[in-house]
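The values are calculated or read from the model by the stated rules, or taken from the named source; none is laboratory data. All of these numbers come straight from a predicted model, not from anything done at the bench. Note: ideal-geometry Cβ built from the backbone for every residue, glycine included; neighbour counts use all protein chains shown. Please note that ligands, DNA and RNA were not included when accessible areas were found on the heavy atoms of the full protein model with its side chains. Shrake-Rupley method; radii C 1.70, N 1.55, O 1.52, S 1.80 Å.
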Amino acid sequence: MRIGIVGVGYVGLPLAVAFAEAGDDVVGLDADPRVVAALNEGRSHVEDVPDAALAQLGGRLRATASYADLAECEAVIVCVPTPLTGSREPDLTHLNDAASSLAAVLREGQLVVLESTTYPGTTRERLAPILEESGMQAGEGFHLAFSPERIDPGRTDYTVRTTPKLVGGLTEACSERARELYAQVCEQVVVLSTPETAELTKLLENIFRSVNIALVNELSQLCDRLGIDVWEVIEAAATKPFGFMRFDPGPGMGGHCLPVDPFYLAFKAREHDFYPEFIELAGKVNRSQPAYCVDRIARALNEQRKPVNGSEVLLLGVSYKPGVGDVREAPSLEIATLLRELGAEVAYHDPHVPELPALGLASSELEAALGSADAVAVITAHPEVDLAEVVSRAALVVDFRGATRALAGGNVVRL
Ligand SMILES: NC(=O)c1ccc[n+]([C@@H]2O[C@H](COP(=O)([O-])OP(=O)(O)OC[C@H]3O[C@@H](n4cnc5c(N)ncnc54)[C@H](O)[C@@H]3O)[C@@H](O)[C@H]2O)c1
């Protein structure tokens with residue numbers, strides 16, 4: 001097959017590679033010319049896709065910035081970002097732009113699949129009408145389906161191939177086309193009755209995590225008041241073989257998905273005069289966690305008779321999770337901003353994030369930074385960083401990930 005992928009980022013690029021590995025000819029279209037140029041030179045910008053994986057594709061993945069190059073594709077999969085506006089409303093600008101450009105080149109018989117996470121109704125109410133500006137009817141002239149991406153960047157135990165794929169088409173024929181498409185690269189394809197079901201299923205998966213993370217984040221704050229070790233409680237609860245699923249507290253929720261997606265559903269619910277309280281509450285608790293972490297750092301410094309004002313705080317790990325360099329919505333950004341507002345000198349070390357333009361900082365060399373920092377805050381515990389070394393050298397470690405639990409040290413304060 002010839003397959004087009006619109007938006008070759010964290011989601012689109014691994015998918016493009018999976019289809020090319022399966023023998024398809026893939027056109028990766030991206031609005032960012034740097035992404036297009038890098039991919040055509042064999043350089044990947046996504047950690048999960050090493051350059052070596054691109055080199056092995058035998059030229060079956062080609063990048064472009066021109067929608068005209070999609071005209072020959074049998075299927076076009078849309079993986080553009082779906083962020084929030086400043087007032088935390090769905091921002092479908094990227095999707096609208098991609099859909100308008102696609103409508104101009106759409107050909108009869110093509111299958112279009114949306115993978116971007118969004119509220120139920122987007123495929124039918126927003127995407128279909130724009131694509132129908134081509135003069136063809138969705139479900140008749142072209143096929144249309146929604147299939148949520150379930151990728152977890154940095155994860156190696158479940159891949160595109162081994163993670164079951166959901167598809168929901170506008171018509172049965174649309175679903176069948178989508179099932180055939182993904183069956184090439186996924187071991188199990190689950191066909192749902194409508195695109196809306198598929199859209200909502202993805203949101204349920206993410207909201208489930210957001211709510212459970214909020215629960216343990218709130219518990220961490222309560223444990224602080226009670227003088228109980230939250231990590232010991234969570235590990236103890238996790239020994240129960242049924243009825244409990246482990247989630248860990250942390251410095252707050254980051255990434256493009258969990259802090260963003262629940263608001264897509266809350267938006268849709270409001271349109272129906274419904275106010276989903278779990279979603280809003282989880283967002284509120286999770287968004288309060290960075291400020292709580294700054295308070296913990298301030299109290300830990302205070303114990304050492306140091307004010308935050310003028311203290312040097314080294315943030316260890318600024319990406320939103322271990323093993324990736326993605327800083328979108330990362331709690332480190334808010335923690336750094338709040339610390340600066342209190343007068344702290346903020347530095348960071350992160351092997352995956354060489355520069356952080358949002359803060360005007362570059363990653364510090366670890367050894368020197370450990371020597372001068374008044375406090376080291378473990379925000380993201382990347383496996384490459386030797387925490388035993390950090391604990392042995394730092395004046396004070398404030399660990400928001402429970403990553404130093406096995407290490408002895410009177411200089412460690414944990415969430
Ligand atoms: N990153 C994840 O872990 C993850 C997991 C599941 C689902 N998702 C969802 O997948 C979607 C994409 O997320 P991502 O993390 O891959 O984003 P990303 O920013 O890594 O990649 C998106 C790409 O789309 C390109 N783009 C933007 N507008 C475009 C346009 N009009 N035409 C062509 N290209 C355009 C951007 O330049 C970028 O390279 C989002 O809806 C997200 O919620 C992400």
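Computed values, structure above
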quantity: Residue within region 101-119 that is in contact with a helix residue (DSSP H, G or I) (Cβ under 7 Å, 6 or more places away or on another chain), of a type in the set (Phe, Trp, Tyr) and farther than 18 Å from GLU199 by Cβ present; calculated: no
quantity: Residues located in region 81-95, provided they are within 9 Å of the ligand (Cβ to nearest atom), at pLDDT 95 or above and open to solvent by less than 40 Å² (accessible area, probe 1.4 Å); calculated: THR82, LEU95
quantity: Top-ranked residue of region 18-33 - restricted to ones that are open to solvent by 10 Å² or more (accessible area, probe 1.4 Å) and in a helix (DSSP H, G or I), ranked as farthest from the ligand (Cβ to nearest atom); calculated: GLU21
quantity: Listing of strands (runs of 3 or more DSSP E) fully contained in region 358-415 that carry 1 or more residues being closer than 18 Å to GLU345 by Cβ and at pLDDT 95 or above; calculated: 375-378, 397-399
quantity: Single residue of VAL230, VAL167, VAL189 found to be in contact with a helix residue (DSSP H, G or I) (Cβ under 8 Å, 6 or more places away or on another chain) and either at positive phi or surrounded by fewer than 21 Cβ atoms within 10 Å (Cβ to Cβ) (or both); calculated: VAL189
quantity: Of all residues making up region 53-73, the number that are touching a residue at least 40 places away in the same chain (Cβ under 8 Å), away from the ligand (no atom under 11 Å from the Cβ) and either crowded, with 16+ Cβ neighbours inside 10 Å or in a helix (DSSP H, G or I) (or both); calculated: 5
quantity: Failed criterion for ILE3 (all others in (1) open to solvent by less than 10 Å² (accessible area, probe 1.4 Å); (2) assigned to a loop (DSSP other than H, G, I, E, B) hold); calculated: (2)
quantity: Elements of type strands (runs of 3 or more DSSP E) in region 130-217, at least 1 residues being within 15 Å of the ligand (Cβ to nearest atom) and aromatic (Phe, Trp, Tyr); calculated: 143-146
quantity: Pair list, Cβ < 6 Å and 6+ apart or interchain, from region 210-221 residues that are aliphatic (A, V, I, L, M) to residues that are part of a helix (DSSP H, G or I) and surrounded by fewer than 18 Cβ atoms within 10 Å (Cβ to Cβ); calculated: VAL211/PHE278
quantity: Selection from region 96-113 of residues that are open to solvent by less than 20 Å² (accessible area, probe 1.4 Å) and either in contact (Cβ under 8 Å) with a residue 40 or more places away in the chain or near the ligand (Cβ under 8 Å from one of its atoms) (or both); calculated: ALA98, LEU102, LEU111, VAL113
quantity: Filter pass, GLY317 being modelled with pLDDT of 95 or more, crowded, with 17+ Cβ neighbours inside 10 Å and on the phi > 0 side of the Ramachandran plot; calculated: yes
quantity: Meets criteria (at pLDDT 95 or above, under 24 Å from SER100 (Cα atoms) and open to solvent by 10 Å² or more (accessible area, probe 1.4 Å)) for ALA37; calculated: yes
quantity: Checking HIS45 against (1) surrounded by 19 or more Cβ atoms within 10 Å (Cβ to Cβ); (2) near the ligand (Cβ under 9 Å from one of its atoms); (3) of a type outside the set (S, T, N, Q); (4) in a loop (DSSP other than H, G, I, E, B), the condition it does not meet; calculated: (1)
quantity: Output for region 234-290, where each listed residue is hydrophobic (A, V, I, L, M, F, W, C) and open to solvent by 70 Å² or more (accessible area, probe 1.4 Å); calculated: PHE242, PHE244, MET245, PHE274, PHE278, LEU281
